[in-house]
1. Which residues, taken from the stretch 1-10, are surrounded by fewer than 18 Cβ atoms within 10 Å (Cβ to Cβ) and in a strand (DSSP E or B)?
2. Could we say that Asn95 is touching a strand residue (DSSP E or B) at 6+ places or on another chain (Cβ under 6 Å) and not in a strand (DSSP E or B) here?
3. Please pick out the residue among Ala116, Ala59 that is under 14 Å from the mean Cα position of the chain (by Cα), surrounded by fewer than 16 Cβ atoms within 10 Å (Cβ to Cβ) and hydrophobic (A, V, I, L, M, F, W, C).
4. Quick one: would you say Phe83 is closer than 21 Å to Asp123 by Cα and either under 13 Å from the mean Cα position of the chain (by Cα) or surrounded by fewer than 16 Cβ atoms within 10 Å (Cβ to Cβ) (or both)?
5. Among the numbered criteria (1) surrounded by 15 or more Cβ atoms within 10 Å (Cβ to Cβ); (2) more than 23 Å from Phe26 (Cα to Cα); (3) of a type outside the set (Asp, Glu), which single criterion is violated by Gly40?
6. If you take the residues of the stretch 65-80 that are touching a residue at least 24 places away in the same chain (Cβ under 8 Å) and hydroxyl-bearing (Ser, Thr, Tyr), which of them is nearest to Ser127 (Cα to Cα)?
7. Sort through Glu31, Glu53 and tell me the only one that's among the acidic types (Asp, Glu), farther than 13 Å from Leu84 by Cβ, exposed (fewer than 15 other Cβ atoms within 10 Å of the Cβ) and modelled with pLDDT of 95 or more.
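The values are calculated or read from the model by the stated rules, or taken from the named source; none is laboratory data. Remember, it's a predicted structure, so these values are computed and weren't measured experimentally. Cβ placement follows ideal geometry from the backbone for every residue including glycine, while neighbour counts extend to all protein chains displayed.
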Amino acid sequence: MLQVVAALIEHDGKILACQRARGQRFELMWEFPGGKVEPGEIPEQALLRELREELAVNAKIGRELLRTKHSYPEMTEPIELIFLSASAPPEEIQNLAFEQIAWRTPELLRELDFLAADREFIDKLVSGAIRRDGPR
């Protein structure tokens, strides 16, 4: 099973969402920043690395918010998706990898065409089932 990490980065009540670039698998779909956990990494290290690569930011990684599994027909193996809270100064965030990035309130995230694996997380955010607090 492929392990993937994703960050919940929040500022002023809004959450950072990222649109996958054209030409990538699942192009133009929305997601939370993050990526694959490489061999020898723990989820927190992987997320820190991914946020540097995608957003040029040294984020503070917080607690795990949700862990879920999902299978995409387009992929040969299922993924385990781990959502972690993270914080980063918004003025330092640079879009290095995405078609676009956007700050949205949790309710307005539903207007974006998110990857299927992220939708459970969004539903739990909106319902309040997931506490949105910062890093430890």
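1. Those that are surrounded by fewer than 18 Cβ atoms within 10 Å (Cβ to Cβ) and in a strand (DSSP E or B): Leu2, Gln3.
2. yes
3. Result: Ala116 is the single residue among Ala116, Ala59 that is under 14 Å from the mean Cα position of the chain (by Cα), surrounded by fewer than 16 Cβ atoms within 10 Å (Cβ to Cβ) and hydrophobic (A, V, I, L, M, F, W, C).
4. Criteria met by Phe83.
5. For Gly40, the failing item is (1).
6. Residue satisfying both the conditions and the ranking: Thr68.
7. The conditions single out Glu53.
Listed here are the residues, each with its yes/no results for (1) closer than 12 Å to Ile15 by Cβ; (2) at pLDDT 95 or above.
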site	(1), (2)
Ile82	no, yes
Leu96	no, yes
Arg104	yes, yes
Glu120	no, no
Gly128	no, no
